[in-house]
Every structure is written in structure tokens, then in C-alpha cells.
Amino acid sequence: MRRALSAIVIAATVCAFSTVAAVTPEAAIALDDGQALTPPMGFNNWNSTGCAIDEKMIRDMADFFVTSGLKQAGYDHVNVDDCWAAPERDPGTGRLRAHPERFPSGIKALADYVHSKGLKFGIYTSAGTQTCAKTMPGALDHEEVDAQTFADWGVDYLKYDNCNNEGRPALERYTKMRDALKKTGRPIVFSICEWGQNKPWEWGKDVGHLWRTTGDISDGYVSMLNIFKLNAPLAPYAGPGHWNDPDMLEVGNGGMTDAEYRSHMSLWSIMAAPLLIGTDLRKATPQTMEILLNKDVIGVDQDPLGVQGRVLRNDDGHWIMVKPLKDGDVAVALFNETDTTATFGTTAQELGLPRRPAYVLRDLWRHKEAETAGAISATVPGHATVMYRVRPRADWWRTPPAADLGLVVSPTVAGIPGTITPPGRAFTAKVTTTNLGRIPLILPSLRLSAPTGWSIQPDRPARRATLGTGQSLSAEWRVTPPASAPPGTAGLTATLTSQNGPSRNVTEALTVPAAPPAGTSDLGAVAWAWASNGYGPVEHDMSNGGPKPGDGKPMKINGVAYPKGLGTHAPVQIVFYLAGRCTGLTTDVGVDDERDPRTVPGQSTITAEVWADDAKRADSGLRTWQDPATTLTADLTGATFLRLVGTVGGDTNSYDRIDWAGPVLTCKAA
């Protein structure tokens, strides 16, 4: 549940707000009850709605599970998070009561409705005096009455949070609820949500069916990435009935690209994580549903062998995750953490598969099968994941040869993403295909296509008679957007055809940036070409706030308020297109006053830098939350791009909210 923490990497410090007592769970009551033999799947409302819930929403979710195919795909829990109960217990019985306005029909009636759809019902409370939202009582010292209440209502799943715990030992509190649930006689999946503070992976197997390994996720790539990195090393602790839980899915909430959401789904699945949908499904797009309903990927998560995938290798942000499956297949995820397209992979031999002439590769996002002589690789765009199921089948020859296809756009300026393509400025696009198969690829042909009006030279495909195992065909094209190209996004598509394989396309989304306005401008009102922010979105005229747009506060640095500027969070980079027209930037920078009151000297440290193309023009040096704002002045004469870069100042990125306050950009007319 929500803690007042600005960055998910806080969990990496495993801070001890409560300590593990020397309490050993009783073996006679330890969990081995046949529940959660595969990671739980379902829905939880918190990530999308917080306290804005009611019984209609939960009923709608249950209905949608049935009509959308989610139930058939394996999602079977509909869970209510915080804020469902009245502020006070029943004075006569001491029991929790449903909130009279949000759930007027009562929780039992709601559970009965969910059950009538063939689904399971989950509920929430905290191992403290109040829940995290502080809208309802927690279960601390009320474990037995609350557990029995949940059982009487027909609850199938309990998420048990960690807020307002009075500093009492975590293991003691969670064990008491385990025992209380067991005493009811009703099977209830027990989800331990203590944020990984007390290493629950070391003791949770005897207490619950799953345990949170990290702080809360937020709907942003950096948050998802950091949680993945914390959860991935814990593979030895997971298995049937006891799972590492890196928090709910953010797929569909709008803070990541579709490619990043596919990575999110892929990584959670290969880590055998619970798959709890965290978006309001009533607003889900077709793209969101396509990700959530991918049965090939879900099959990896739900494989009955119950092994969490392990990190085979991580080379400079190019991750290879491997998960053995019950039928002898192996799942492989190739995840590119970086911003730049890269080709990498592994081999069947490295995976320990039995020796075969060839293997069948099933691409779990393209839903296509092909044969490989042993190479398991792909050209993976930045932030994306390619996921395979590798099968040592004897009939490999029935499938076409596997061919990797990659499209790389070279940057027009060093340090700037190649996908930013200014009007009238030529760039190079390189397309490469490699035959991974045992069978030769016959008459392979590569072609590049761009939007109407764009120039591609040479205007012809690249061809070869055959490509043997491991051989590649590459071609480069010079691409120029027209000088009149309107700002926005455009697609560049590479196509591979051959005589003995299916046609394949790869599309790179390009950004045509807008030229800067002439004169003196508030930089906060100028459209940027590209941005990557450490926590939530970059904000206009307010501090960074949290994970959702517009949730910041008025910008203030060491007590001084600023009405205009950009609110960011380290690590951050924002790229503006200048078209060589601008002469200078002036801005105040510093750490915003929005921080945890417990922040101490030495924490919340940053640097702020201004770059003109690949040259640094201004640097704040190390700044802390105790420092006043400092003014940066940068000469931008002749630069094509402006970059604002904010770094973590050597500690964690906790509360590293960087304000670029009162930024003024000066440019000439075209």
C-alpha cells in the first residue's frame, strides 16, 4: 500500500521501521495447505483508483472478467483494497463494517456476487492500528475477530499491509494473522505486504502464500525497472504455494509505452510473480487487453513446475532471464533495459537443453514458431523484451528457419536518441537479418518504408540468394524527413521476406520535433522532444509529486516559491529541439521542498546540468535539500538540441526532486 516515499528504490535499503523478533513459526501450523500452487492472478483496484471505489466498480470488474476472456485466461481473483470499511468498528461486536456509502449492500453480498461469476473475492487490511489510507481500522490485536469476519463473508484472499504497526515485530504480527486465518477453517490465500523491510522471503514460506519483496510500484518505467532488479535475485525463495511478490501490474494505466508494458508483463511472468491487474478495466484499450490476455506469456507465469526464472546474464543492461518449464521447455526473456536497440542472446547449450540438430523457438509476443540451430537471440529495442519458449522437439524441421530482424536508427547528434528526427535532416537507418535456423533462408529480401514524402536512398531492397546458419544480410538507407514535416510521431518500417519463411516487419516510432518559438520563452511552455524521468512524469509549474500527472505541489526551493518551471525527479533527462536558433538558457535549480520530514543531512542530493548537443554548458555541482537555489546560465549558440540532465548525487534517489525554476530560453526567428 502507499507509503510516503517518492522513489521505489527506497526498498533497496531494506530499512527497519520494524524488526524481526526471535519468533519461530510453529511447524504444526506452518503453511503447506495446497493453496496458491501457481502465482495468484486477478485484479486489485488500488493502482488505478486508490480510495475511489464502490461496490458497482467491483461488480463491474467481475462482469468484465467473464465477458472479456480474462476469466478464461486464468484471472480469477477480484480484490478490494483499502477504504472499503466504515471508520469505526461495530460497538457491540467489535467487527469491521462495510462503508455505508461505498458498499451499501455489504461485503458478503459483494463476495456472493463475485462467487456467482465463478470467481474468487479478496479483501484488504493492515497489520496495524489503521490501514495505510487511515480511513478504517487495522487488524492489529483484532486478528481473530477480523479473520472470522472475513471467513463469514466468504473471503478467499487477504492482502495484509504494514502501516501504523506501532513498531511491533513483523514476524509476530503476520504470524498472528496466519494463525487466525487457519483457525477459521476457511481456505484464504494470505498475501504478506510488508514491503520487503524484514526479508520476508527468508521466513514467509511458513507464514503466507506470497510476500511483497519491495516498496510500492508506480506507473513508470524507472519504478518497474527498479522493482524488477530487487525481485530478480530472490528466485531461490519462490515455489508452489510461496511466491515472491514484486507488486501489482501497472499495465494500462498510461505511464509507460506499450513496449514497456510488454516488458512489465514479460518480466513478472518469467519471475513467476502474481499477476494482479491494477488498471480500471472499464477504460482498458485494445492494446492493454492484448497484453493482459497473452496466453503464451501467462502460461510461463502459471507453469506448474513453479520455478521463478533466474538471471542468466546481465551485460550492461541487456538481461537474459531463464525459466525451466514442467514439460522440458525453457522460457527465455531478452530484456533491453537501455534506451538503445541492441542484439544479444544465449544458446541452447548454455541453457542446458539436450543436444539436438535444431530446436523450436516460439515467439511469445508474435505467436510464431520457427526453428533454430541453437542460437536464441534477438535485436531488442530499448525498454523492450523479446520472449521465447524453447522446445527440444524432434519435428523442428516442420517450422521455417528463425530469422532475427533489427532496425537501428543512428543519432543525428551524439547523446541524443536516434528516434528524434528533425525535419529536413538526414539520418541513417540500418536493417539487419540473421538466419538462426538450421535450414538456409532462401531469397531473403530487406526493404525499408517511411511515411509519404520522406526520402529513402537508395530506393531499392537488399537481396541475397541464400543465408546459411548464422549468416547475416545488412543494408543501410539514408532517410530524410521533408523540411515541412509536421511535429509528431512517424513510423519507419523494415520488412523481411523470403521464399521459405513468413514475412516479418519491425517498426521504429520516430519523433519529429517542433522548432522552438522565437524570442524569450518560458522553457516550461516549450514542447520537449523526449523525456525520461526518475519517478512519475515531468510536471509543468509544480514539483514532481508522485507517479500520476498533476499530483505535484507548488515549486519551492529552500522556502522560495517559483510559479513557473519544470518539476522533475532524478535521474532525469529532457531533450528540446533548438534547430540551431537559440542563444541561451537561464534557470534556477535545486531540490524541491517536497520531501519526507525525516530526511536528514546527506540525503536527497542531486546535480543539475545543461548540455548543448554533446557539450556540457552549465553544472550546479552537488546540491542538497538544505541548499538554496543556484542559477545556471548556458550558452546554446548553434546547438541543435538542449538537454536538461539531473543525476542522483551519490546516495539513493529518495526525494531527489529537481526543480528547474523560472527557466528562460532565448531564441532567434527562423
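On the beta carbon distance between R366 and R478, with R0 = 30 Å, the FRET formula returns roughly 0.55. For the chain, the solvent-accessible area with a 1.4 angstrom probe is 37 square angstrom per residue. Three semi-axes describe the equivalent ellipsoid of the chain; taken as square roots of 5 times the Cα gyration tensor eigenvalues and ordered largest first, they are 43, 36, 21 Å. Counting only Cα atoms, the size of the range 148-294 along its three principal axes is 44, 34, 30 Å, in decreasing order. Looking at the range 420-509, none of the trypsin sites (Lys or Arg not before Pro) sits in a DSSP loop with at most 11 other Cβ atoms within 10 Å of its own Cβ. Each label was represented as a point 7 Å from its Cα along the Cα-to-Cβ direction; for T507 and A465 these points are 3.6 nm apart. What distance in nm separates the two pseudo spin-label positions at M289 and A515, each 7 Å out from Cα along the beta-carbon direction? Using points 7 Å along Cα→Cβ, the separation is 4.4 nm. Compute the FRET efficiency between D112 and R168 as 1/(1 + (r/R0)^6), taking r as their Cβ-Cβ distance and R0 = 41 Å, and round to the nearest 0.05. Between D112 and R168 the formula returns 0.70. For the range 341-486, the relative contact order works out to 22 percent when only alpha carbon pairs closer than 8 Å and six or more residues apart are counted. In the chain, a dipole from Cβ-located charges (positive for Lys and Arg, negative for Asp and Glu) runs towards its positive end, and of N165, H242, Q148 it is H242 whose Cα lies farthest in that direction.
Segment V664..S455, full-extension length gain: 71.6 nm, with 0.36 nm per residue of separation and the alpha-carbon distance subtracted. Take the Cα of H540, step 7 Å toward its Cβ, do the same at T49, and the gap between the two points is 3.0 nm. Helical runs (DSSP H, four residues minimum) scored at -39500 (n - 2.57) apiece and divided by the length of the chain put the mean residue ellipticity at 222 nm at -4000 deg cm²/dmol.
Over the chain, Cα pairs under 8 Å with separation of 6+ residues give a relative contact order of 10 percent. A DSSP coil position with no more than 14 other Cβ atoms inside 10 Å describes the following trypsin sites (Lys or Arg not before Pro) in the range 531-633: R598. Rounded to the nearest 20 debye, the dipole magnitude of the chain is 1820 debye, with +1 charges on Lys and Arg beta carbons, -1 on Asp and Glu beta carbons, and the Cα centre as origin. Nearest 0.05, what FRET efficiency do D327 and D635 give at R0 = 51 Å with Cβ-Cβ as r? The computed FRET efficiency comes out at 0.20.
The values are calculated or read from the model by the stated rules, or taken from the named source; none is laboratory data. Computed from a predicted model, the values in this text were never measured in an experiment. Please note: Cβ atoms are built from the backbone with ideal geometry, for glycine as well, and neighbour counts cover all protein chains shown. Just the protein is used for accessible areas: all its heavy atoms, side chains included, with ligands, DNA and RNA removed. Shrake-Rupley method; radii C 1.70, N 1.55, O 1.52, S 1.80 Å.
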